[in-house]
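Asks: Here it is: the structure, laid out below.
The values are calculated or read from the model by the stated rules, or taken from the named source; none is laboratory data. Everything numeric here is computed off the predicted structure, so don't read it as measured data. Positions of Cβ are generated from backbone atoms using ideal geometry, with glycine treated the same way; all protein chains shown enter the neighbour counts. These area figures cover heavy atoms from the full protein model, side chains too; ligands, DNA and RNA do not enter into them. Shrake-Rupley method; radii C 1.70, N 1.55, O 1.52, S 1.80 Å.
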Amino acid sequence: MATSIVKGLPSTHGDHYQLNTTNLIRHAVRTYPEQEIVYRQTDGEWGRYTYADAYKRVQQAANVLTDLGVGPGDTVGLLDWNSKRHYELGWAIPGIAAVMLQMNLRLSTEDLSYVTGHAEAQWILVDETLLTIAEAVAPHVPNVKGWIVMSDRPSAEISTTLENVLYFEDLMRDADTEHSWPVIDETSTYSACYTTGTTGRPKGVYFSHRGSYLHAMAMAAGISMNRADTAMLITPMFHGQSWGLPHTTMWVAAKVILPGRYMAENTAMLVDTMIAENVTVANGAPAIFQPMLDYIKTLEVKPDFSKVRLLSGATEPALTLMRDFYELTGADFVQAYGATETTPLISVNFGIKPSLENKVSDSERWDLKRFQGLPTSGIDIRVVDAEGRDLPHDGESVGELLMRGPWVVERYHKLDDDADRFLDGYWRSGDVGKIYPNGYLKLTDRLKDVVKSGGEWISSIDMENAIAGHPLVQDAAVIGVEHPKWQERPLALVVPVEGANLTREDITGVLDKTFAKWQMPDVVLFVDHLPRTGVGKLDKKALRATHADQYRGAAQ
């Protein structure tokens, strides 16, 4: 199904004008120099400056890197939270045609060392609070030329075992505030982000300037974002550049909130800041939004979030979470689907399709919120069976999702054995789903997570969300466990709310409306917590390893 490219009559348009990220910030600063960026400092205090102020520091940072000998195609690592400096370097590093390596601070020392070496990083900028991570990695990356420590404190007060250390603010102090930007070919790499898959080594996804630019436009259109918005970047910028929100904010000239370092158990700060700064767009995972909701429930006066769009990814949010947020605050949950390999936006569920507006009931409207939405314009999606044959978009045919587009990978960086991840020019997502005649996409599982029982498939995602709908359930996971007769059987692991006493019958009781008796989990285990990956997804690999023997003695 590979497509040949047909060349027609050459146009008279400026097709040589490059779509690179430098142009995004240049145009935003030119027209909206007064727009605000609010950032949280290491000490927890908040600071604020303008697009124009930030742009001066971006140019200074570009001069600092150039003076160090960093040039086109060189890789510079960045180990930081969602900070002011991270945001600035996200423009400065690519602006000199270098590659910004997004270093996931939640990776193991082994994997982070592998990523650093594989990407051939020459310099690494590290926030002072993350020095212990850098110091653990340093012995394993001998080709790194040096480390640049970022801190609000004087360099004389900072102690580290790293060798060849420079201090960012010292270098910035003497740097020129103007930089002559090169015209960067739009197909050049903007940044590198390595997948955090549960199998094998992390894989390098190298985003182009062009892809990032077009993705920003698609994101803005997909969630109706504009200059009146205020966007809080909750998702880490080391994870797919916070889903491309830094670029989207510049495309529409929105106000930016950078929350810095925070913990999942201390999300009250995020809510308080959303209220104080009139945030209208925020991105995150259900694992972050749930504790935010729990905090909101404790507030005597509930916030008015009626203009807020909560962009939710990583895993499908429970319907109860979405409804509670809406009923308490007015916030609209917007499911977005994608992956590191897709920059990430593939589909978005923002507002109901106009043609359905007066044709669905309230319950059907909420059921549609469980879908991953409508595919983004510019992205081709196929649903295929195990032999790679296309399946109809009938809402019933379930298969693997394949996709291609200007911000979807066509290969992995320096990986020769990646052919199994692509088919006819399409990236194989490993996700199982279906597309309805009305265009809506619904994921049903990951290929590796679907429960294969007696020749039939059981969706772990749908079962998890149904269980999470029980008012006394805090969290839930469903995994397929080897069974001597049925190949696999579902095992449910449930975290009850504090003080609740639940039984298996309580859990199967919320499943009997949507699942057949043979699909019910034979065993329900009640646990204190569920393991999650660094991006908030359930760590099902760990769960399967822990509970591999659960059905080993079952009757055949």
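Asks: As a quick test, which of the pairs K442/K540; K56/K203; K353/K434; K452/K540; K452/K513; K359/K513 have an alpha carbon distance above 26 angstrom in this structure?
Replies: K56/K203
Asks: Please state the charge dipole magnitude for region 132-186, taken about the Cα centre, from unit charges on C-beta atoms (+1 on K and R, -1 on D and E), reported in debye and rounded to the nearest 20.
Replies: Result for region 132-186 is approximately 280 debye, rounded to the nearest 20.
Asks: Determine the gain in length on full extension of the stretch D390-F422; use 0.36 nm per residue of separation and subtract their C-alpha separation, reporting nm with one decimal. Before the final figure, lay out the partial values.
Replies: On the way: separation 32, 0.36 × 32 = 11.52 nm, distance 1.48 nm.
So the chain would gain 10.0 nm between D390 and F422.
Asks: Defining a contact as two alpha carbons under 8 Å apart and six or more residues distant in sequence, what relative contact order in percent does region 32-101 show?
Replies: It rounds to 31 percent for region 32-101.
Asks: Just to make sure I understand: if all protein chains stay in place, what is the order of E178, E488, E265 by accessible area at 1.4 Å, largest first?
Replies: Listed by decreasing accessible area, they come as E265, E178, E488.
Asks: Kindly report the accessible area of region 1-145 per residue (heavy atoms of protein chains, probe 1.4 Å, no ligands, DNA or RNA), in Å².
Replies: Value returned for region 1-145: 45 Å² of accessible area per residue.
Asks: What dipole magnitude, in Debye to the nearest 20, does the chain give about its Cα centre under +1 on Lys/Arg Cβ and -1 on Asp/Glu Cβ? All intermediate terms of the calculation are to be shown ahead of the outcome.
Replies: Details: 52 positive and 72 negative charges, 184 e Å.
Magnitude of the dipole: close to 880 debye.
Asks: Continuing with the same structure: At a Förster radius of 25 Å, what calculated FRET efficiency corresponds to the Cβ-Cβ distance of V523 and A500, to the nearest 0.05?
Replies: Calculated transfer efficiency: 0.85.
Asks: Name the residue from L374, V256, V29 whose Cα lies farthest towards the positive end of the charge dipole of the chain, charges +1 on Cβ of Lys and Arg and -1 on Cβ of Asp and Glu.
Replies: With unit charges placed on the Cβ atoms, the residue in question is L374.
Asks: Mind running the shape call on region 154-272? Use the C-alpha gyration tensor, a ≥ b ≥ c as the square roots of the eigenvalues: rounded below 1.5 for a/c, prolate if a/b tops b/c, oblate otherwise.
Replies: Because its axes are fairly even, with a/c under 1.5, region 154-272 counts as rounded.
Asks: Quote the charge dipole size of region 486-535 about the Cα centre in Debye, to the nearest 20; the model charges only the Cβ of Lys and Arg (+1) and of Asp and Glu (-1).
Replies: Rounded to the nearest 20 debye, it is 180 debye.
Asks: Send over the Kirkwood Rh of region 294-448, from the inverse of the averaged 1/r over different Cα pairs, rounded to one decimal Å.
Replies: 17.0
Asks: Run through the DSSP bridge list for the chain and note the antiparallel percent, rounded to the nearest 5.
Replies: 55
Asks: When only alpha-carbon atoms are used, what values of Rg and Dmax, in angstrom, describe region 386-471?
Replies: Spelled out, the Cα radius of gyration and Dmax of region 386-471 are 15.1, 49 Å.
Asks: Can you pull out the trypsin sites (Lys or Arg not before Pro) in region 197-271 whose DSSP state is coil and whose Cβ has at most 14 other Cβ atoms within 10 Å? Could you put the intermediate results ahead of the total?
Replies: Details: sites: K203, R210, R227, K255, R261; in loops: K203, R227, R261.
For trypsin sites (Lys or Arg not before Pro) across region 197-271 that sit outside H, G, I, E and B with at most 14 neighbouring Cβ atoms in 10 Å, the list reads R227.
Asks: Separate question: For the chain, with the dipole built from +1 on Lys and Arg beta-carbon atoms and -1 on Asp and Glu ones, taken about the Cα centre, which of V99, A136, A331 lies farthest toward the positive end?
Replies: A331
Asks: Moving on. What residue among H179, S312, G430 has its Cα farthest toward the positive end of the dipole of the chain, where the charges are +1 on Lys, Arg and -1 on Asp, Glu, each on the Cβ?
Replies: Going by the Cα projections, it comes out as G430.
Asks: Related question: For region 366-458, state which GluC sites (Glu not before Pro) are in a DSSP loop and have at most 11 other beta carbons lying within 10 Å of their beta carbon. Show your work: numbers first, answer last.
Replies: Details: sites: E387, E396, E400, E410, E456; in loops: E387, E396, E410.
Of the GluC sites (Glu not before Pro), the ones in loops of region 366-458 whose Cβ has at most 11 other Cβ atoms within 10 Å are E387, E396, E410.
Asks: Compute the distance in nm between two label points, each set 7 Å from the Cα along the Cα-to-Cβ direction, one at D152 and one at D512.
Replies: Once both label points are built, they end up 5.8 nm from each other.
Asks: Let me ask something else. In angstroms, what radius of gyration and Dmax does region 242-302 have, counting Cα atoms only?
Replies: 12.5, 37
Asks: Provide the per residue accessible area, probe 1.4 Å, for region 267-339, rounded to a whole number of square angstrom.
Replies: 36
Asks: Still on this structure, please answer the following. What is region 227-367's relative contact order, in percent, from Cα pairs under 8 angstrom and six or more apart in sequence?
Replies: Relative contact order for region 227-367 comes out at 20 percent.
Asks: If you don't mind, another one. Given 0.36 nm per residue, what is the gain on full extension from V183 to K359 after removing their alpha carbon distance, in nm?
Replies: This chain segment gains 58.3 nm when fully extended.
Asks: Same structure again: Of all GluC sites (Glu not before Pro) in region 42-149, which ones are in loop regions per DSSP and have a Cβ with at most 11 other Cβ atoms within 10 Å? Kindly include the intermediate steps, with their values, before the conclusion.
Replies: Working: sites: E45, E88, E110, E120, E128, E135; in loops: E45, E120.
Qualifying residues, ordered by number: E45.
Asks: Over all directions, how big on average is the projection of the convex hull of the alpha-carbon atoms in the chain, in square nanometres?
Replies: 28.0
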